[in-house]
Amino acid sequence: MAATIPQPDAAPDAAPDPVPEPAQNGRAQAFLKARARSARPSILLAVGFALAAGLGAIAQAYLLAGLIDQALAGAALWAEERAALLALGVVVLVRLECGILAEIAGFAAGARLKADTRALVFERLLAAGPARAAEQEAGGAAIALTDRIEALEGFAARWLPAATLAAVLPLAMLVAAALHSGPVAALLAGFLVLAPLGLALSGIGAARASRRQFRMLERLGGRFLDRLRGLGTLIHYGQAEAEAARLGTAAHEFRLRTMAVLRLAFLSSAVLELCAMGAIAGVAFMVAPSVADGSLPRATGLFLLLLAVEFFQPLRAFALTYHDRASAAGAAEALAALVDAAPPADPAATLPVPDAGRIAIAFEDVHLAYEGGARPALSGLTLALAPGEAVAVTGPSGAGKSTLLDLLMGFRRPDRGRVLANGVPVERIAPERLRALSAWVGQRTHLFHGSLRENIRFARPDASDAEVDRAAAAAQVTAFLPALPQGLDTLLGERGFGLSGGQAQRVAIARAFLKDAPLLLLDEPTAHLDAETEAAVMQALRALAAGRTVLMASHSEAASAALGRRVRIEGGRIRADDGGGP
Amino acid sequence: MMPGLRFALALLAPRRGALVAGALVALLSVALGLGVLLAAGAAIAGGAAAASLPLLRLFAPLRVAVRYAERLATHAALFRVLADIRVWLFARLAAAGPIALGRLRAGDLLNRMLSDIDALDALYLRVLVPVGLAMLGAGALLLFVLWLDPALAMVPLLLLLVVAVGLPLVLARRQARIGAEVGERLSALRVDAVDAAEGMREILGAGAEARMAARLAASTKALATAQGKAARQNALAGALAGGAVQAGLVAFLLLGAERIAAGALEPAMMALGLFAILALAELLAALPRAGLALGQAAGAGARLAAIAATPAPYPDPAREAAAPAPQGFALEIEGLLARYGADRPLVLDGLCLSIPEGARVAILGESGAGKSTLAALLMRMIPPAAGRIRLGGVDLAAMTGAALRARIAYVAQDSALFSATIRENLLIGSPEADEAALWRALDAAQLGDFVRGLPDGLETWCGEGGVRLSGGQARRVLLARALLRAAPILLLDEPTAGLDPDTARAFMAALNGAAAGRSVILITHRLTGAEALTMCVRIAGGRAEIVTPPSPPAAGGSPS
């Protein structure tokens, strides 16, 4: 028998956390269901094995009841009941093995769900593009790809199998009980009906309470992280101790409120406990007199009692997975929003770009607004770049400079007007083909975890070492190599060596040299550099710009002056254009 | 594993009263559950219905009530502990100083630290309480069976040795190793996820979508392999323990039947022993699985211990070594050497600089040149490797951090507003400031009219869930907060980062008027052109060179 006294729980079970009732959120549910589809074979396997283990428990109870009966009668078990003993041994072994296999299959289901969802989320993140990702919370995409997706595991691995078992196994036990005693089966059936009813009633109360408290709790909980992040400021202003005291008070309040929610939430597990105890006691009261007066064999009475003990185990196990579902639902809500945010691919984007070695660009009366039209970025902008022409766009923040670049990389689409590359509307060009036309250097360059050489080769994985070396030399990366511990093989990125802002920009320029695209898009490439470094970076950029069409957004006078034609935009349109003259 | 565990236990210790009380209620709950099953078993198997059914009527409802109480008691105790630990950790980090904190922020270790604190609830709920109860239960079972019939005592004794000692010992090392492997794979996945998310433009620009997706899939698979090992290990541990309990049950039956046949044991007594084993089966079978939770708690404890042990990089001088108060607020920097670690290159290499009272200095330099290091040295966050800084004639080494911070109001590069009202944010600068002082500071930062125009004025909530201040407005609140301090020196690190040129110039203009009578030190990678400076310094090669007139005038650009 596995199930007797539930251990003093493990995870705070049945509705422990003050999270809003996840069932309220249809989108999260739909997302989870759709995602779990590919994991269905493993889930079915998990359910199948768990079901076999559960049925084994019934057989085990039956055999054990007979053996106990014989043992109490003082029978020589080994001599007389060898068959039953062997059968029990086999049942126990099969049951334990099925339990292991069910757990492993459940894990496989969770792993499948996570792997598929991670691939999907990444694909949709890319489809939505960096421009939209920037509107999300900082670091949101990385958290989505890691913690949020990891939180989905329990849904497929534990919750779904447990939900199915809780629905099926008690029925099988009812049948087993009914074969021996109608009244006992009726009693168990009665409690079985009562349990979900009680769960629902107390669950509704708990959900309402937790929704009411949720905002307050969230604010109090978030406060700790907020103050921790700003601890430096608190130290510098001598406020750290005072804030620690205030945090203590807040934590005290937090605890009182959480307990208020839990008092209600735990009621639902109390209902389950009540049913479980009721079933055991009820069977004992029903069966004991019949066994005593001989109308019911003792073995049968024992079997019914063991069955009653086992009866609520699937429901209890199910209640324990509430935590899994709640955290999965919370994660799914955020993930669903992310996945839905990406626009569908445009099947009409199939046009080739003629004469793709040299690119002319034309913006014709382009209008574009953010936040569903609330924040206009471009309002009727017209600008043409001849092949090989370099244009610097200046203007205040929010004037729409970066939007121009986003349009040319296919990260945004104009609401009205046209953007043409060699006469072809960019939205009619397949995104990957459009991006193959250009190389991009932004304000800050992301360095990937890997060597400096790999970071440069990122732009073109099939480039030879000699080509990478040439690009590094052209971008003046070679100038700072002596300062790195292993030259081009120095590890960079998250756990690697940090480069200074100017050095990282030169890596980006080396990437652009290696990509050798006809169009160069520069988004304030020197914004974070001091004047001297800026001059060095601009020198490398001028070398890169030779023979290419260049569009640069910049605040910097020095950077703009280094390029050629200067254009100023304000309020989403061109306000000044020096036409390339001095 | 042991030091981490010892540390985790020490964190729980201050509330041991409440924790033990919760465990006692849990013990009562287990005892009542045992009672229910014993009474029911005795009624059916032992033919003792008359005696045991009334007991059952008492135990069953009590058990429901006590179990509810148990949940509340254990959770209440736990929340107390977790709240304590958070506050304690906050104070500990405050003592370690901003540099240690900066390191934590960098790797998003703060979030991991919070989940480490939460992992300690597993130590109590999944390890200490169930293991304690299982041990007590098994011990009681042993005594009970000894009393029933010493010849049967072998069974519970062996059972106890197998599930409580043998299996955990055999499994513990493997569980710990697998746990560590899962942690490593998860970190590797995190690195890839950050690359995938932050490097999106680079990925799309290079057409590297498929390459990056393959990298993510590979690290996902590596993590799943490790997690799969953990799952199998966990399932196996559970099955082995379950099998041991079943074997014990059958052995008890076989031996017991013989004793009954020999007339040495009453059948009713034997029934009690049987149902006692049955009642404790789940508790006992869960023991080996506790190993995994124990390993996790030990890991969390070890990481928290490492954080707690972070030494203050520049402790205050002993009281007797403390110098008299500085005379005035001129700063003298002589031959300053600084490096982050003995094996790292020098960031500052003999920097000399003197900043007279009331000076307005811009400190320029490339990123990585050592500007922020100089700020850290000025704020006494790190000690210099050599050289000295004097404030009003007193060496910083002889001053306490608090004394120094009273004289230099610092706005760090990563300063942000707290999730709180504007008033609360300002009061962090000076808790005693009255209403008039707050408005004076806001007016000086040229933000007074804006705040007066807000419907809630000073009570406006900023930060998450509150009003969204623009970058320039937020910077001005930070400036007003610094101005509220009576410090004669204002040290601002990249105060205009992220602001567009017009906003940056307006901010500088506000600063020019606001800081009258104070020294102002601006650390910036470029000038806006609106600064009123008395001196301009460029840090390069670890030294300071005075560049006058203040850098090329076109550096910030002017509206064309």
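List of remarks:
- Looking across region B:187-205 at every residue that is at the interface with chain A (Cβ under 7 Å from one of its Cβ atoms) and more than 19 Å from A:ARG132 (Cα to Cα), the one that is surrounded by the fewest Cβ atoms within 10 Å (Cβ to Cβ) is identified as B:VAL191.
- Region A:426-464, residues that are more than 9 Å from chain B (Cβ to nearest Cβ), without any contact (Cβ under 8 Å) to a residue 12 or more places away in the chain and outside any loop (DSSP other than H, G, I, E, B): A:GLU454
- Members of region A:399-420 that are among the acidic types (Asp, Glu) and not in a helix (DSSP H, G or I): A:ASP415
- Screening the candidates A:VAL91, A:VAL47, A:VAL121 for the property of being within 13 Å of another protein chain (Cβ to nearest Cβ), farther than 19 Å from A:ALA332 by Cβ and among the β-branched types (Val, Ile, Thr) yields one hit, A:VAL91.
- Residues that are more than 9 Å from chain A (Cβ to nearest Cβ) and either surrounded by fewer than 21 Cβ atoms within 10 Å (Cβ to Cβ) or of a type outside the set (A, V, I, L, M) (or both) within region B:74-95 comprise just one, B:ARG92.
- Residue match in region B:498-507 (condition: out of contact with any helix residue (DSSP H, G or I) (no Cβ under 8 Å at 6 or more places or on another chain), within 14 Å of chain A (Cβ to nearest Cβ) and either in contact (Cβ under 8 Å) with a residue 40 or more places away in the chain or polar (S, T, N, Q) (or both)): yes
- Qualifying positions in region A:365-375 - in contact with a Gly (Cβ under 6 Å, 6 or more places away or on another chain) and either among the basic types (Lys, Arg) or over 19 Å from A:ALA576 (Cβ atoms) (or both): A:HIS367
- Residue within region B:121-130 that is surrounded by 16 or more Cβ atoms within 10 Å (Cβ to Cβ), within 15 Å of the chain's Cα centre (by Cα) and not aliphatic (A, V, I, L, M) present: yes
- Of the criteria (1) surrounded by 12 or more Cβ atoms within 10 Å (Cβ to Cβ); (2) within 30 Å of A:ALA546 (Cβ to Cβ), which one A:GLY330 fails: (2)
- Verdict on A:LEU296 being touching a helix residue (DSSP H, G or I) at 6+ places or on another chain (Cβ under 9 Å) and assigned to a helix (DSSP H, G or I): no
- Residues within region B:25-64 that are without any contact (Cβ under 8 Å) to a residue 12 or more places away in the chain and within 8 Å of chain A (Cβ to nearest Cβ), tallied: 5
- Residues located in region B:365-374, provided they are within 11 Å of another protein chain (Cβ to nearest Cβ) and in contact (Cβ under 8 Å) with a residue 60 or more places away in the chain: B:GLY365, B:GLU366, B:SER367, B:ALA369, B:GLY370, B:LYS371
- Of all residues in region A:492-513 being at the interface with chain B (Cβ under 9 Å from one of its Cβ atoms) and outside any helix (DSSP H, G or I), the one that is nearest to the chain's Cα centre (by Cα): A:GLU494
- Residues being facing chain A (nearest Cβ under 10 Å) and basic (Lys, Arg) - total across region B:162-186: 0
- Tally of residues being closer than 26 Å to B:LEU478 by Cα, under 33 Å from the mean Cα position of the chain (by Cα) and at the interface with another protein chain (Cβ under 7 Å from one of its Cβ atoms) across region A:237-258: 3
- Exactly one residue among B:ALA224, B:ALA217 is part of a helix (DSSP H, G or I), within 8 Å of another protein chain (Cβ to nearest Cβ), surrounded by fewer than 17 Cβ atoms within 10 Å (Cβ to Cβ) and modelled with pLDDT of 95 or more, and that residue is B:ALA217.
- Inter-residue pairs, beta-carbon under 7 Å, first more than 15 Å from A:THR549 (Cα to Cα) and in region A:341-369, second at pLDDT below 90 and part of a strand (DSSP E or B), 6+ apart: A:LEU368/A:ALA377; A:ALA369/A:ARG375; A:ALA369/A:PRO376; A:ALA369/A:ALA377
- Pairs with Cβ under 8 Å, 6+ apart, first in region B:345-364 and without any contact (Cβ under 8 Å) to a residue 12 or more places away in the chain, second part of a loop (DSSP other than H, G, I, E, B): B:PRO345/B:ARG339
- Qualifying residue in region A:50-63 (condition: in a helix (DSSP H, G or I), within 12 Å of another protein chain (Cβ to nearest Cβ), within 25 Å of A:LEU305 (Cα to Cα) and not small (Gly, Ala, Ser)): yes
- Whichever residue in region B:352-393 is among the charged types (D, E, K, R) and surrounded by fewer than 20 Cβ atoms within 10 Å (Cβ to Cβ) and, among such residues, is farthest from B:ALA532 (Cα to Cα): B:ARG388
Residue-by-condition table, conditions (1) surrounded by fewer than 17 Cβ atoms within 10 Å (Cβ to Cβ); (2) under 30 Å from B:ALA188 (Cβ atoms); (3) among the hydroxyl-bearing types (Ser, Thr, Tyr):
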{"site": "A:VAL366", "(1), (2), (3)": "no, no, no"}
{"site": "A:PRO387", "(1), (2), (3)": "yes, no, no"}
{"site": "A:GLY410", "(1), (2), (3)": "no, no, no"}
{"site": "A:VAL419", "(1), (2), (3)": "no, no, no"}
{"site": "A:GLY423", "(1), (2), (3)": "yes, no, no"}
{"site": "A:TRP440", "(1), (2), (3)": "no, yes, no"}
{"site": "A:HIS446", "(1), (2), (3)": "no, yes, no"}
{"site": "A:GLU454", "(1), (2), (3)": "no, yes, no"}
{"site": "A:SER464", "(1), (2), (3)": "yes, yes, yes"}
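- When the test is whether a residue is at the interface with chain A (Cβ under 10 Å from one of its Cβ atoms) and outside any helix (DSSP H, G or I), B:PRO495 does not pass it.
- Of the residues making up region B:72-84, those that are modelled with pLDDT of 90 or more and of a type outside the set (Gly, Ala, Ser) are B:LEU72, B:THR74.
- Selection count where residues are of a type in the set (Gly, Ala, Ser) and free of Cβ contacts under 8 Å to residues at least 12 places away in the same chain, scope region A:49-77: 5
- For region B:39-51, a residue qualifies if it is surrounded by fewer than 24 Cβ atoms within 10 Å (Cβ to Cβ) and part of a helix (DSSP H, G or I), and the qualifying residues are B:ALA49, B:ALA50, B:ALA51.
- Residue that is surrounded by fewer than 21 Cβ atoms within 10 Å (Cβ to Cβ), at pLDDT 90 or above and away from chain B (no Cβ under 13 Å), where the choices are A:ASP489, A:ASP516: A:ASP489
The values are calculated or read from the model by the stated rules, or taken from the named source; none is laboratory data. This is a predicted model, so every value here is computed, not measured. So basically every Cβ, Gly included, is an ideal-geometry build from the backbone, and we count neighbours across all protein chains shown.
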